1. Averaged over peptide A:110-120, how many Cβ atoms belonging to another chain are found within 10 Å of each residue's Cβ?
2. How large is log10 of I(q)/I(0) for region A:7-119 at q = 0.14, 0.15, 0.21 Å⁻¹ when the intensity is taken from the Debye formula with one equal scatterer per alpha-carbon?
3. Can you compute the charge dipole magnitude of region B:125-235 about its Cα centre, using +1 on each Lys and Arg Cβ and -1 on each Asp and Glu Cβ, nothing else charged? Give it in debye, rounded to the nearest 20.
4. Please provide three numbers in whole Å: the alpha-carbon extents of the protein assembly as shown along the principal axes, with the largest listed first.
5. Roughly how compact is region B:102-146, stated as its Cα Rg over 2.2 N^0.38 Å to two decimals?
6. On a 0 to 90 degree scale, rounded to 10, what angle separates helix B:150-166 from the longest Cα axis of chain B?
7. In deg cm²/dmol, rounded to 500, what helix-only [θ] at 222 nm does chain B give when every DSSP H run of at least 4 residues adds -39500 (n - 2.57) and the total is split over its residues?
8. Where in region B:1-88 are there trypsin sites (Lys or Arg not before Pro) that are in a DSSP coil and have at most 12 other Cβ atoms within 10 angstrom of their Cβ?
Protein chains: 2
Amino acid sequence: MKLLGKLYLIPTTMGESDPMDVLPQTVRRTIEVIDHYIVENDKTARKSIKAVYPEKKQSELVLFTLNKRTEPSEHLDFIKPLLEGKNMGLMSEAGCPGVADPGAVIVKLAHEKGIQVVPLVGPSSILLAMMASGMNGQSFTFNGYLPIDKDEKKSAIRHFERLSQDKNQSQLFIETPYRNNKLIEDLLQILNPSTHLCIATDITLPTEFIKTLKVSDWKKLKIDIDKRPTIFIIHKI
Amino acid sequence: MKLLGKLYLIPTTMGESDPMDVLPQTVRRTIEVIDHYIVENDKTARKSIKAVYPEKKQSELVLFTLNKRTEPSEHLDFIKPLLEGKNMGLMSEAGCPGVADPGAVIVKLAHEKGIQVVPLVGPSSILLAMMASGMNGQSFTFNGYLPIDKDEKKSAIRHFERLSQDKNQSQLFIETPYRNNKLIEDLLQILNPSTHLCIATDITLPTEFIKTLKVSDWKKLKIDIDKRPTIFIIHKI
């Protein structure tokens, strides 16, 4: 019987912060012993590994870069070390791999090949925003990015608001960060004044900002979250 | 101007495991300085605090117990220390507070009172299962518990399967652990043989079991997860 390696899902920080503030020791111990990684971004991954375990020899690292431009035919090459019995790490550019990043395809392939997948604890903006929103955490949907088209975006927002009321379900979504301020304008214009809106920005960073207010109360504030990664959550009760 | 305390959302382990394997140092440092807690279970919370920071004097802890039987009128009493400028911790029985537990009502109240909410990183079975499932992490719904009624449960399963296909959205749900084996029977009977099913059990514990297979492949296996906490995810492609 051939022994397979294990695929460790290794979280990273959400930006410039001390990795050991948001990562448990297990992440450090895992990086200590793993040399083969599938990563979203080569440079960021090397930086993360160095920050968590400076003693690691960068020259011994074998990195496979997985992003939107990676061909599905390359995936099998990426997991070759696993099939040869070596443990590997999967790493996203920020936060937890496999959620809202290209990593899930590798995890899927691992399951197909009977490879054990081990998720490690780390910061997830989706989950931390959900925790801190005070909204219904018994039922929630992460909807990913909003549509780019103006009209489609507006109807998506209206759709999420309706869903949140019909299903008593918190609705999470994200926007390309440089469009955040425009999105807030749209949200305050489109949503019902009594709808709850949570804006969760720079989660786990020193500039973290998380606030849940009714739309009518947001209208009284001036807020600038241009280019800062943000999770939006709405719930109409 | 009155200075308000901050509400820290403090995660705990998912069962018998070394807390520092799944919690970052920040959790330890936070518990070191906080004496006032709102907790789901008094006994479990004291045990968690002791495990993370044994030097903490248990006699100095002030715990408010929040569960399904707590009256909404008590909530304002619970957050009094925050209003008086003391930092407080919110703690679930296991995992991350505010998601799939009663804690969200306190977070909601905190936002209403202008109190800053600080979520700390820790293990979430929902998120770790999602990461490790290899299913679509760009769009997913956590649906909470399945209905207890047999017929309602069956139609809920059918509904989730349909939704997962129509919206290309992973559907997560949970069941009371002693009904897990029965649920697997139901799932294998009701779902389409080509639907993907992830069973994620005892996440972060030494007995962790996470596997994604097509329903037709699950039928070939014998699996016993009686009374073990489990997240189920389905996706029909």
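1. Rounded to a whole number, the mean comes out at 6.
2. -0.50, -0.58, -1.17
3. For region B:125-235, the charge dipole is close to 200 debye.
4. 68, 49, 47
5. For region B:102-146, the normalised Cα radius of gyration is 1.52.
6. It works out to around 80 degrees.
7. Taken over chain B, the calculation gives -10000 deg cm²/dmol.
8. Counting only loop positions with at most 12 other Cβ atoms within 10 Å, the trypsin sites (Lys or Arg not before Pro) in region B:1-88 are B:Lys2, B:Lys57, B:Lys68, B:Arg69.
Read-outs: derived from the displayed coordinates by stated rules, not from any lab. For clarity, every value in this text was computed on a predicted model and none was experimentally measured. When we count neighbours, we look across all protein chains shown, and the Cβ atoms used for this are built from the backbone with ideal geometry, even at glycine.
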